[in-house]
Amino acid sequence: MARRGRRRSNTGIPGLSYSWRRATGVTSMKRKIARSTGIPTTRAGRQRKFGKMMSCGCLTLSVGLFIIVSLILVFVLIL
């Protein structure tokens, strides 16, 4: 197994890093938006949220509602 190289910081000084996003407040703004809306700002987070919605509760509810509405339409058209 190959050894990984040491990770270098942005400044070249070990243990000290600088992020322009954190310095300007972009990171905190994205966090506030994500918390208030409930929608993650990262791509992986959005995919994970959508996958959970489709696999558990929301898909079951939507399929159930579709079946109920279609049965009601069938009964209304027959009568």
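All of the numbers you see were taken from the coordinates with simple rules; none came from a lab. What you are looking at is a predicted structure, and each value in this text was computed from that prediction instead of being measured. Quick reminder, even Gly has a Cβ in these numbers, built from the backbone with ideal geometry, and neighbours come from all protein chains shown.
The distance between label points at LYS52 and LEU73 comes to 3.2 nm (points 7 Å beyond Cα on the Cα→Cβ vector). How high is the FRET efficiency from THR41 to SER62, r the C-beta distance, R0 30 Å, rounded to 0.05? E between THR41 and SER62, to the nearest 0.05, is 0.70. The Cα-based radius of gyration and maximum Cα-Cα distance (Dmax) for the range 20-78 are 19.5, 66 Å.
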